[in-house]
Each structure stands twice: as C-alpha cells, then as structure tokens.
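K.L.:
Submitted below is the structure of interest, expressed as structure tokens.
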Amino acid sequence: METIVELKDVTKVIKGRTIIDHISFQVNKGEVFGFLGPNGAGKTTTIRMIVGLMGLTSGDIIIGGSSIKSEFEQAVGHIGAIVENPEMYKFLTGYQNLVHYARMSKGITKEKIAETVELVGLTERIHDKVKTYSLGMRQRLGLAQCLLHDPDVLILDEPTNGLDPAGIREIRDYVRLLAREKNMAVIVSSHMLSEMEMMCDRIGIIQNGQLIDVQLVHDFVQSSEVTFEFEVLPSDKALALIEAHYPNVRAIRSRNGISVELTKEDIPNLVKLFVDDNISVFGIKEVAKTLEDRFLEVTSEKEGSTRG
Ligand SMILES: Nc1ncnc2c1ncn2[C@@H]1O[C@H](COP(=O)(O)OP(=O)(O)OP(=O)(O)O)[C@@H](O)[C@H]1O
Ligand SMILES: [Mg+2]
C-alpha cells in the first residue's frame with residue numbers, strides 16, 4: 001500500500017487554546033479513511049489544515065511526498081476537496097459552473113468535463129440552472145468540481161449532511177467507486193457512526209483535538225468480545241450454572257433469557273451443560289456489536305483513563 005497523505009504531529013493552537021493536539025496518521029491510496037468525532041472535536045480544523053486553508057502551529061503534513069509547509073503548491077495540487085459549501089453560481093447551469101471552475105486549473109478538456117459529469121450521474125440535468133437542483137444534485141456537482149483535475153486525494157467534510165437516505169447512499173457509492181476504481185485516497189468526516197461503518201475502510205476517532213484511536217472498520221467492530229443471547233428457561237438456573245462452570249464469563253439476565261459474552265467455540269459446551277441440567281434452550285442469537293457500541297467503549301475508556 002502506498003501512503004499518499006501523512007500527518008506528522010500536527011498541532012493547532014488558536015489564541016492560546018490547543019484545538020488540535022499532536023495528531024499523526026497516514027492515509028493510503030485506494031482507501032476510504034473516516035474521520036469520526038462529535039461536534040467541536042476538530043474534524044473541520046484538521047481538514048482545513050490538510051487542504052491548505054489554515055496554517056499549522058507545529059508538525060507537518062506530507063501529501064504525495066511534498067510538505068505543505070515547504071512545497072505548498074505541489075502538496076495541495078494532489079487534493080480535491082469540499083470543505084464547507086462548495087462555491088456555485090445558482091443562476092448558471094451546472095455545466096457553466098464546471099467550465100468556469102475548469103478555467104482555474106490547467107489542461108481540463110471538454111471531454112474531461114463530460115466524463116466527470118457522467119461519473120457523478122448529472123448528465124441529464126447538467127444544462128439546467130443550479131437553482132433548480134436538489135441538495136443531492138448540488139452535492140454531486142460539487143463532487144464533479146473537485147474531481148475535474150484528477151486529484152489523488154479527495155477530501156469531503158461531512159458530505160452527507162442534510163441528505164436523505166437515497167442521497168447518503170449515492171455519496172457512499174461514489175466514494176467507494178473512486179477509491180476502488182481510481183485508486184484515490186478519500187478522507188471523509190462525520191459524526192455519524194453508522195454511516196462511517198458502511199463507507200470507510202479505516203476510521204480515526206477524534207475527541208477534544210486528540211486522535212484517540214485508528215482502526216480498520218472490520219477490526220473495530222470485531223475487537224470486542226461477542227455477545228450471545230440465550231433464550232433459556234429457567235434463566236436463573238442457567239445463570240447460576242454459568243457462574244459455577246465459567247467464573248470468568250460475563251453473563252447477565254436479558255429480556256428473553258440471558259446474555260453471555262463468549263467465543264463461538266464455547267457454545268456447544270454451554271448448550272450441553274444446559275441440556276444435561278434440564279434447562280430448555282429455545283434459541284441462541286449473536287448480538288452484533290455495532291461501531292456505535294465500540295465507539296462508546298473506546299471514548300469512555302479514554303475518559304476514564306484521563307480522569308484517572
Ligand atoms: N478560527 C477559530 N478560532 C477559534 N476557535 C476555533 C476556530 N476554528 C475552530 N475553532 C474551535 O476548534 C474546535 C474544533 O472545531 P471544528 O470545527 O474543527 O470541529 P468539528 O469536529 O468540525 O465539529 P462539527 O462536527 O461541529 O463540524 C471547536 O472548539 C471550535 O470552536
Ligand atoms: Mg466540522
């Protein structure tokens with residue numbers, strides 16, 4: 001895997017307040033990296049520094065081998081980004097907007113514009129005025145704008161804000177397509193866990209300006225023990241049996257029986273134990289941990305440790 005963006009110990013202090021606190025991470029070509037955190041965590045500030053809209057107090061950002069400090073133009077030349085609302089002229093057509101925008105970069109051909117319009121699915125409406133576009137269509141036009149110069153890195157700050165489920169799905173599909181087929185690195189921010197889970201390969205969690213965890217989405221969800229719901233009767237007898245035979249296993253009473261944290265391999269033994277003791281087993285169900293559960297675990301662990 002080839003690293004295309006690297007943040008090295010990036011810190012931002014504004015008026016004596018540390019907004020971004022020694023953040024380091026790397027993003028590879030072909031991957032979707034999610035920047036996840038609550039309101040005010042520092043997502044937009046970090047993104048503004050990556051795209052060159054804001055200077056760094058200390059540290060450095062390397063994009064495509066160039067330092068944003070010493071080789072600003074080369075570094076930001078690799079980037080296409082939507083930060084805040086993309087600038088558009090509502091009384092011009094989508095196409096006119098793209099032509100206008102294309103004048104700002106060298107070598108963008110008519111063919112390239114047509115190809116990009118096709119990619120974001122705006123071909124049918126591209127000659128309509130932007131004021132007649134829905135929010136989702138404006139979003140797609142914004143995406144087309146930042147794809148015109150074939151960036152290696154696409155950065156979208158909260159791209160799904162305000163979109164309906166269909167619009168969110170569209171953005172998600174484009175993002176995945178660009179990463180897979182164009183080998184682009186995509187950085188997206190969000191405070192919505194469920195969305196990140198579906199869109200990203202890796203997720204970095206930011207809280208109070210600190211990057212507190214970076215994990216593969218898959219591992220992130222898997223790395224905690226799995227909970228199984230056992231629908232059993234009588235449940236207090238089952239609970240007592242677990243306590244006696246598996247003192248280290250966490251088990252609690254749940255709505256339909258008991259809920260137990262264990263690995264899949266333990267299930268047959270447990271079932272045998274129940275059956276041998278005349279406990280009726282009606283069903284066993286794995287309770288999938290969502291990113292949200294894991295997120296709350298990680299952030300509360302962190303709070304616990306900092307409060308000490
Ligand atoms: N120019 C600035 N001057 C002073 N403080 C700022 C400035 N820009 C951002 N901040 C502060 O930095 C912190 C992080 O803000 P930022 O906008 O990066 O958060 P965010 O994670 O993008 O939040 P949201 O989810 O609400 O968009 C906030 O406390 C904010 O008030
Ligand atoms: Mg923000």
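The values are calculated or read from the model by the stated rules, or taken from the named source; none is laboratory data. Note that this is a predicted model, so its numbers are computed, not measured. Positions of Cβ are generated from backbone atoms using ideal geometry, with glycine treated the same way; all protein chains shown enter the neighbour counts.
K.L.:
If a residue has to be without any contact (Cβ under 8 Å) to a residue 12 or more places away in the chain and within 15 Å of ligand 1 (Cβ to nearest atom) to count, how many in segment 44-66 make the cut?
P.N.:
Number satisfying all stated conditions: 1.
K.L.:
In segment 42-63, is there at least one residue being among the hydrophobic types (A, V, I, L, M, F, W, C), away from ligand 2 (no atom under 15 Å from the Cβ) and closer than 23 Å to HIS191 by Cα?
P.N.:
no
K.L.:
Please determine whether any residue of segment 152-164 is closer than 18 Å to GLY34 by Cβ, among the β-branched types (Val, Ile, Thr), in the same structural domain as GLU73 (by TED's automatic domain parsing) and not in a strand (DSSP E or B).
P.N.:
Yes; the residues of segment 152-164 include at least one that is closer than 18 Å to GLY34 by Cβ, among the β-branched types (Val, Ile, Thr), in the same structural domain as GLU73 (by TED's automatic domain parsing) and not in a strand (DSSP E or B).
K.L.:
How many of the residues making up segment 153-172 are in contact (Cβ under 8 Å) with a residue 40 or more places away in the chain and more than 11 Å from the chain's Cα centre (by Cα)?
P.N.:
4
K.L.:
Turning to a different aspect of this structure: Which of the residues spanning segment 182-194 are modelled with pLDDT under 90 and more than 15 Å from ligand 2 (Cβ to nearest atom)?
P.N.:
LEU193, SER194
K.L.:
Name, by its number, the condition in (1) outside any strand (DSSP E or B); (2) hydrophobic (A, V, I, L, M, F, W, C); (3) under 18 Å from VAL117 (Cα atoms) that does not hold for ILE168.
P.N.:
Among (1) outside any strand (DSSP E or B); (2) hydrophobic (A, V, I, L, M, F, W, C); (3) under 18 Å from VAL117 (Cα atoms), ILE168 violates only (3).
K.L.:
Kindly check whether there is at least one residue in segment 67-76 that is crowded, with 17+ Cβ neighbours inside 10 Å and under 26 Å from GLU197 (Cα atoms).
P.N.:
Within segment 67-76, none of the residues are crowded, with 17+ Cβ neighbours inside 10 Å and under 26 Å from GLU197 (Cα atoms).
K.L.:
I've got another one for you. Only residues that are farther than 23 Å from ALA179 by Cα and part of a loop (DSSP other than H, G, I, E, B): list them for segment 69-106, please.
P.N.:
Listed by number, the residues that qualify are LYS69, SER70, GLU71, GLU87, MET88, TYR89, LYS90, PHE91, LEU92, ARG103, MET104, LYS106.
K.L.:
Output the number of residues of segment 256-266 satisfying the condition of being more than 33 Å from the chain's Cα centre (by Cα) and either over 17 Å from ASP277 (Cβ atoms) or buried (at least 18 other Cβ atoms within 10 Å of the Cβ) (or both).
P.N.:
The total comes to 3.
K.L.:
Another one. So if I check each of VAL83, VAL32, which one is away from ligand 1 (no atom under 14 Å from the Cβ), within 26 Å of the chain's Cα centre (by Cα) and under 30 Å from GLN207 (Cβ atoms)?
P.N.:
Only one candidate qualifies: VAL32.
K.L.:
Which of the residues spanning segment 242-262 are in contact (Cβ under 8 Å) with a residue 12 or more places away in the chain and over 19 Å from LYS285 (Cα atoms)?
P.N.:
HIS245, TYR246
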